[in-house]
Structure formats: structure tokens, C-alpha cells
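First the structure, in the form of C-alpha cells, and then the observations on it.
Read-outs throughout are calculated quantities, based only on the coordinates presented, and are distinct from any laboratory measurement. As the structure is a computational prediction, the values presented were derived from the model and not from experiment. Cβ placement follows ideal geometry from the backbone for every residue including glycine, while neighbour counts extend to all protein chains displayed.
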Amino acid sequence: MLPLDSPPALHAAAPRCKPQRLEARVIDKRVAIVTGASRGIGRAIAERLAKDGRHVVLVARSAEGLAATDAAIKAAGGSCEIRPCDIANAADVQALVDGVAETHGRLDILVNNAGITRDTLLLRMTDEQWDEVLNVNLRSVFVACRAALRPMMRGKFGRIVNIGSVSGLSGNAGQANYAAAKAALVGFTKTVAKEMGAKGITANVVAPGFIETDMTDILGDTVKTAVLPNIPVRRFGKPEEIASAVAYATSDEAGFFTAQTIVVDGGMAA
Ligand code: NAI
């Protein structure tokens, strides 16, 4: 039996791999999908994975939004491609994952990063605000993971990282929809890990605290200043600090690391 972390060349020699699939492979690099790669945490993850030698499939709603990430990766000598997809549409998510696996004959890494907030107190929360957040932040992850399992099983290797939030671990006033979706990701991801562990596929959650991105920019200086005393390191995190955790969890060496939630929050939720 092959070790879980054996490189692609060894997988290619495995008798259970289908020959026609191997012939379809156009690149030797591990192929990684990163959703929400146009800015913020997703962009940092995409740039880091490309720097680490992965071919990164950049996903966001529009190709224009991904152009800057694409250019930065290529300028640094990395490998990537743009695939626009609105992850609110389940059929499009399925087609995205199927398309990547079909084009490259492999899918090694899936980072479900894209997410939205529609914050308001529960008393005022509409059905639409609930459904929108659950659809984008949770249902898309279910569809993407389900679609990714077959190509990952064929390659006898898979690394799934779902981006959660400390809101999903501790709850947060004004975020009942968001906290519910992010909390659900933890149980979902542990289940993927347990179902797929024997297939060489790991699944983990990376749960950021307050990170400097557009999502937290809207909070305003008053809220930001009020939050700081609750963060032991006394600052917001940088997207690159989340990308480091994702880089480890998606690395070949992390084959024994699964069903975990890595909290990267400056100590806030401890
Ligand atoms: P952001 O708002 O800066 O970027 C979100 C990304 O997701 C963008 O690329 C956007 O185009 C994409 N996106 C949103 N809706 C989409 C859709 N329907 N289809 C395709 N792409 C879509 O967010 P940020 O801050 O970079 O957050 C990234 C992840 O980290 C999210 O899952 C968020 O919930 C999580 N997070 C962020 C924290 C923070 O402090 N910034 C804290 C905890 C978790």
C-alpha cells in the first residue's frame, strides 16, 4: 500500500489509478482550488500556495476581480488560472470542481474560503439574510467537497481546508446566521475527515479571528478599538498569517493532521 504522502509520481504507478485519467494530466504540480481569491484572506492563500509550488485555480464571481491576484502570482513565477464562479449557485460549484478535475486530470487541494456576512441582531434578521449566508458559507462548501472527493480518491491524496471563524466557535452578537454557518463547518469538516481518512484525504477548518480585510474594514474605527483589548496580541491579524496555517494543513507533510480546527486569532477565543 502506498504511504498517504507519496508524491504524484508514485500515485501514477499505483495499479488502481485509471490509465486514461493519468494520460489526461497536463501538469505535475498539485492542483489547488481557492475560492474567494480576489482579495483578502483568499488572495493571500492563493499567493502562498502558488509560492509553495501548487497550480492554483483562482475562484471568485468575476474574472476582472481575480486579475490582480493572477498577475501577482505570475509575476512571482507561480502557476495559476482564473475560473469565475458564483458559489451561491450549487450547479456552478459542481461544474467548477468537475471542470478543474477534467482539465488537469487531478484535484489535490480544495480551500473553501469565500464567505459573506449579513449582520444584524436576531430579532431583526430576515429569512433572506439567513438563507443567503447559509447558502454561500455552508451549502457551497458541502457541494464543493462532495464534488472534490472522487478526483481526490482517484489521486489517493486530498487536502481540504474550510475557512471558519471564531464567531462559529464562540458566537457573536449580530451574527446568528454567520456563526451558525461557521459552526456547522466544524461538524461537517470533521465528518469529511472521518469518512475520507483511509483514502489519503484530510479535512480541517482554519478559524480566523479579526483579520485586516474588506470584511472587517466596514466595522469602523470605534468598533475596532473596542475589540483590541480582547485580543491578547493587541492587533488584527494579517491575511498572510491565515495563509500560513492553510499552507501547512494542505501540505504533503500534513497527512496525519485531520479533523482539526486551527484557530488563528491572536489568542482571542482562548
Ligand atoms: P472578503 O470579503 O475580503 O473576501 C471575500 C471573498 O469571497 C472575495 O474574493 C469575494 O469575491 C468572494 N465571494 C463572496 N461571495 C462570493 C460568491 N457568491 N461567489 C464567489 N466568490 C464570492 O473576506 P475575507 O475577510 O477575506 O474573508 C475570507 C474568509 O475568511 C470568509 O469565509 C470569512 O468568513 C472568513 N473570516 C474572515 C475574518 C476576517 O476578520 N476578515 C474573520 C473570520 C473568518
- Item | Positive-end residue of LEU134, ALA114, GLY53, charge dipole of the range 26-183 with Cβ unit charges | GLY53
- Using unit Cβ charges (K, R positive; D, E negative) and no other charged atoms, how large, in debye to the nearest 20, is the dipole of the chain about its Cα centre? 800 debye
- Give LYS29/LYS199; LYS51/LYS156; LYS51/LYS224 a once-over and call out the pairs whose C-alpha atoms are over 27 Å from each other. LYS51/LYS224
- the range 222-270: Rg/Rh from Cα coordinates, Kirkwood Rh? 1.09
- Whole-Å distance linking the alpha carbon centroid of the range 126-195 with that of the range 197-235 is 16 Å
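Could you tell me the relative contact order of the chain? Use alpha-carbon pairs under 8 Å, at least six residues apart, and round to a whole percent.
Reported relative contact order: 19 percent.
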- Which shape class, rounded, prolate or oblate, goes with the range 123-270 when its Cα gyration tensor gives a ≥ b ≥ c as root eigenvalues, a/c under 1.5 marks rounded, and past that a/b bigger than b/c marks prolate? oblate
- Name the shape class, rounded, prolate or oblate, that the alpha-carbon gyration tensor gives for the chain, where a ≥ b ≥ c are the square roots of its eigenvalues, rounded holds for a/c under 1.5, and otherwise prolate holds if a/b is larger than b/c and oblate otherwise. prolate
- Query: Based on DSSP H runs of at least 4 residues, each adding -39500 (n - 2.57), what is the mean residue ellipticity at 222 nm of the chain after dividing by all its residues, to the nearest 500 deg cm²/dmol?
  - Reply: -14000 deg cm²/dmol
- Would you kindly state how much longer the chain becomes between ILE218 and PHE256 on full extension, computed as 0.36 nm times their sequence separation minus their alpha carbon distance, in nm to one decimal? 9.8 nm
- Let me know the Kirkwood hydrodynamic radius for the range 31-178, please, with Cα pairs as the basis and the value in Å to one decimal. 15.8 Å
